[in-house]
Amino acid sequence: MAMHATNKYFYISSSPPPPPVSLLLLFPMAATYFSLNTSPSHSRLPSSPSSPSPLHPSPSPCCFLLARTTSPHNLNVLVCMAAFPGLCIGRALRRSVKSSNSWGLISSARARARVSSAQAVWKQEVLWTEAPVSDIAPAGEQLFHLVVDISGNRELMQGYTKAGQYLQLKVGNSDPAFMSIASPPSAALKGYLEFLIKDVEGVTAGILCDLGKGDKIELSQVLGRGFNVGQIYPVEEFPTVLLFATGTGISPIRALLESGIKAKDRRDVRLYYGARNLQRMAYQDKFQDWENLGVRILPVLSQPDDKWDGEQGYVQVAFSKSKALIKPAHTGVFLCGQKAMTEELTTLLLAEGVRKEKILLNF
């Protein structure tokens, strides 16, 4: 597999490339391998779909990206870094690349072998389709509840099968943003998807929050494996289930709860939900519904006002105060939120005797 440069684009080819330039870029968090060639012998990939339906091929979020260049020798290389499967960040690095192997790079054969290895890991191609916004409303301070009508796209309706899955959203030429789906899979079958979005100016999330009903957005296919809920069954063997979420990390947890984990049939199901303050805590209107499902809600505020008499600080600290794990080896855990929180809780839970395979994330 190779990436070739023409006067405007890089494009991807599965045939063996000629030998001019091969490049390997490694990053501590992840690696993406490129074989860059100046031969324009293959047809280029389109930069954008000509029509919104059906789903159109687009660069993978996990592997190779198209990059615009002004000539075959001045390349704006988009380096794709993946911190974990399914998620990645593209950064543009400008390099002046000559057709000779003047950088003392690795051989073409070795580069092709490593590209093939990377391709074996990142197989999923990103596809795009257009859909209208059916509703958007405030969900808290700097938070918005977005509903997208997917009733016209059977692939999306049937592609969402597990709570914890996500997809990419973009508006026009904005950079794709990864968003966990906040509604349960049953909602997709009814023709809509819901998202909880934090309004951040200057990025795609902020653009999404400025949309109105009827505006069009682009969505990728559903990505990720979701939560492996089979790890907390049969119910009688896992009487305790703990859920931890911070900020917009409540989105996939909401989807999980509303998908059903048979909380009423278990002895102890707790949700530790962290936010800065009550104004930034979404879905408070759903707390009673979740309680009715058999889930005990434990809000934790890091910067509450003087009237707050509940848990303060961070969810991992709140849990460490109580713990109360009756059978740690028969406890299931779901984590979604900030990396520091998930790492600290994982360490704490393992020390308490919770089995590693029972600590579940959605990626």
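The values are calculated or read from the model by the stated rules, or taken from the named source; none is laboratory data. All of these numbers come straight from a predicted model, not from anything done at the bench. Cβ atoms come from the backbone with ideal geometry, glycine included; neighbour counts cover every protein chain shown.
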Margin query: Exactly one of these conditions fails for Asp306: (1) surrounded by fewer than 21 Cβ atoms within 10 Å (Cβ to Cβ); (2) under 15 Å from Leu242 (Cα atoms). Give me its number.
Written below: (2)
Margin query: Quick test of your reading of the structure: Pro239 fulfils all but one of (1) closer than 22 Å to Thr346 by Cβ; (2) touching a Leu at 6+ places or on another chain (Cβ under 9 Å); (3) touching a residue at least 40 places away in the same chain (Cβ under 8 Å); (4) not β-branched (Val, Ile, Thr). Name the failing condition by number.
Written below: (2)
Note to self: Kindly evaluate Asn292 against the criterion of being at pLDDT below 95 and either under 19 Å from Gly247 (Cα atoms) or surrounded by fewer than 17 Cβ atoms within 10 Å (Cβ to Cβ) (or both).
What the structure shows: no
Notebook entry, point to check: Within the stretch 276-329, can you find the residues that are among the hydrophobic types (A, V, I, L, M, F, W, C) and in contact with a Ser or Thr (Cβ under 7 Å, 6 or more places away or on another chain)?
Noted result: Val315, Leu325, Ile326
Notebook entry, point to check: How many residues are touching a strand residue (DSSP E or B) at 6+ places or on another chain (Cβ under 7 Å) and not aliphatic (A, V, I, L, M) when one looks only at the stretch 282-301?
Noted result: 6
Margin query: Can you go through Gly206, Gly212, Gly164, Gly159 and tell me which one is on the phi > 0 side of the Ramachandran plot and not assigned by TED's automatic domain parsing to the domain that holds Gly249?
Written below: Gly164
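Looking at this structure, is Ser151 at pLDDT below 95 and farther than 22 Å from Lys198 by Cβ? So that I can check it myself, show each step before the final result.
Working: at pLDDT below 95: no; farther than 22 Å from Lys198 by Cβ: yes.
Taking the combined requirement at face value, the residue does not satisfy it.
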Checklist line | Breaking point among (1) of a type outside the set (Gly, Ala, Ser); (2) within 30 Å of Ser186 (Cβ to Cβ); (3) surrounded by fewer than 15 Cβ atoms within 10 Å (Cβ to Cβ), for Phe244 | finding: (3)
